[in-house]
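Asks: Here it is, the structure in full.
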Amino acid sequence: MAKEIYKNIYLHEIPLPKNPLRAINCYIITSEDRNLIIDTGFNIEPCKESMMKALDELNLKADQTDVLITHLHSDHCGLASFLSEAGMDIYAGKVDGIFMNEMTTEAYWDTFKKYAQMYDLDRDHVDGNDHPGYKFCPKELMDFKLLEEGNIINLGDYRFEVVDVPGHTPGHIALYERKHKLMFCGDHILDQITPNIAFWGYGQDMLQVYFDSLNKVAGYEIEYLFPAHRNIIKDYKKRIQELLKHHDNRLEEILNIISDKEISVRDVAAQMKWELKYSNWTEFPNAQKWFASSEAMAHLEHLACTDKVDKQIKDGIFYFKARA
């Protein structure tokens, strides 16, 4: 059920079946002229049913409603094509919007699947078909209305500014309402759980990009921070410091794992501590092995970029060792 959490702002939890995230916070902002949906859920029937139920409850018409996708992950963009076909305009950041259209092609996923070999996940028989992004993303090209920092979306009494907050994905965006001190931040900042920071290609220190975006948001005045999962955040500066500390601890943990012997990303991830119900790496579902290895890789890349470890590729596999 959609619940009003602020004037004309509704929160509707869309279930994410068989996923540790459990649900996504779909925010719906209403006004006399236009309405806006922020993020959608997976491209699966239970998410469609939940979304349509919320729209029926609020009596929203498709031709008066737009959709904003904060970033490219399938739990956020999965229903974009479905809602577009219903008559809604779809907004996305200019970087992730391009990625989302590329994700509709097999060529994109063929390239993505090579990371399984690079991470040494072939040993676990993990491939791209196991990734939720592949299974639950939109399958059709989208005519996105692309946004960039500083663009304005007016909705009734609200004037939302687009804010670039890359890190969790290369083109993650947020919406900031200056007068009411509100921010819709997608997965950039989460309560109770930490956003996954992944590897997005050679020479890109995405963990440092994420740190910079966290510090950027710390400079805003925010009364309510509306994340895409779990709880609404009031003390956002405290949470930002907790996230920065978390990643500092991760980096230290990884340095303690790495020795002067070469080690693969998979073997680093398997030795890291994860707050999951599984007792060892063997029990991890393949999707979780993907996420764990990609996060390990982002931290390893940061350590390489800051000259703390050496990196090389042998037989298509990344290897790291402590710098002498």
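Asks: Using alpha carbons only, how many degrees (0 to 90, rounded to 10) separate the axis of helix 106-118 from the longest principal axis of the chain?
Replies: 40
Asks: Order Ile5, Ile263, most accessible first, counting only protein heavy atoms with a 1.4 angstrom probe. Please list the in-between numbers first.
Replies: Numbers: Ile5 50, Ile263 20 Å².
Accessible-area ranking of Ile5, Ile263, largest first: Ile5, Ile263.
Asks: Okay, moving on. With labels modelled as points extended 7 Å from the Cα through the Cβ direction, what inter-label distance (nm, one decimal) is found for Leu244 paired with Thr111?
Replies: Distance between label points: 3.4 nm.
Asks: Further question on the same structure: Under 11 Å from a label point 7 Å along Cα→Cβ of Arg34: give me every residue in the stretch 60-83 with its amide N that close.
Replies: Answer for the stretch 60-83: 64-68.
Asks: Treating the angle as unsigned and between 0 and 90°, give the value, to the nearest 10°, between the Cα long axis of helix 45-57 and the longest Cα principal axis of the chain.
Replies: Once rounded, the angle reads 30 degrees.
Asks: Lys and Arg at +1, Asp and Glu at -1: add these up for the other residues within a Cβ distance under 11 Å of Gly150 and post the number.
Replies: Around Gly150, the charge tally is -4.
Asks: Continuing with the same structure: Give the angle, between 0 and 90 degrees and rounded to the nearest 10, that separates the Cα long axis of helix 286-305 from the longest principal axis of the Cα atoms of the chain.
Replies: Tilt relative to the chain: about 70 degrees.
Asks: How much of the DSSP beta bridge set in the chain is antiparallel, as a percent to the nearest 5?
Replies: 70
Asks: What number comes out for the charge environment of Tyr10, summing +1 per Lys or Arg and -1 per Asp or Glu over other residues with Cβ under 10 Å away?
Replies: -1
Asks: Additional query: Ignoring ligands and nucleic acids, what accessible area does Asp267 show with a 1.4 Å probe (Å², nearest 10)?
Replies: Around 40 Å² of this residue is reachable by solvent.
Asks: Let me cross-check Ile29: its accessible surface, 1.4 Å probe, with only protein heavy atoms counted, in Å² to the nearest 10?
Replies: Surface accessible to solvent at Ile29 totals approximately 0 Å².
Asks: Residues of the stretch 168-210 with backbone nitrogen within less than 16 Å of a virtual label 7 Å along the Cα-to-Cβ line of Thr306, please, listed as ranges.
Replies: Label zone hits: 197-198, 204-210.
Asks: With every protein chain in place, what's the accessible area of Asp191 (1.4 Å probe, Å², nearest 10)?
Replies: 40
Asks: If you don't mind, there's one more thing I want to ask. Report for the stretch 168-324 the percent antiparallel among DSSP-assigned beta bridges with both residues inside it, nearest 5. Please list the in-between numbers first.
Replies: Working: 12 of 16 bridges.
Roughly 75 percent of the DSSP beta bridges within the stretch 168-324 come out antiparallel.
The values are calculated or read from the model by the stated rules, or taken from the named source; none is laboratory data. The structure displayed is predicted, hence computed values, not measured ones. Ideal geometry is used to build each Cβ from the backbone, glycine not excepted, and the neighbour counts take in all protein chains shown. Areas reflect the complete protein model, heavy atoms only, side chains present, ligands, DNA and RNA absent. Shrake-Rupley method; radii C 1.70, N 1.55, O 1.52, S 1.80 Å.
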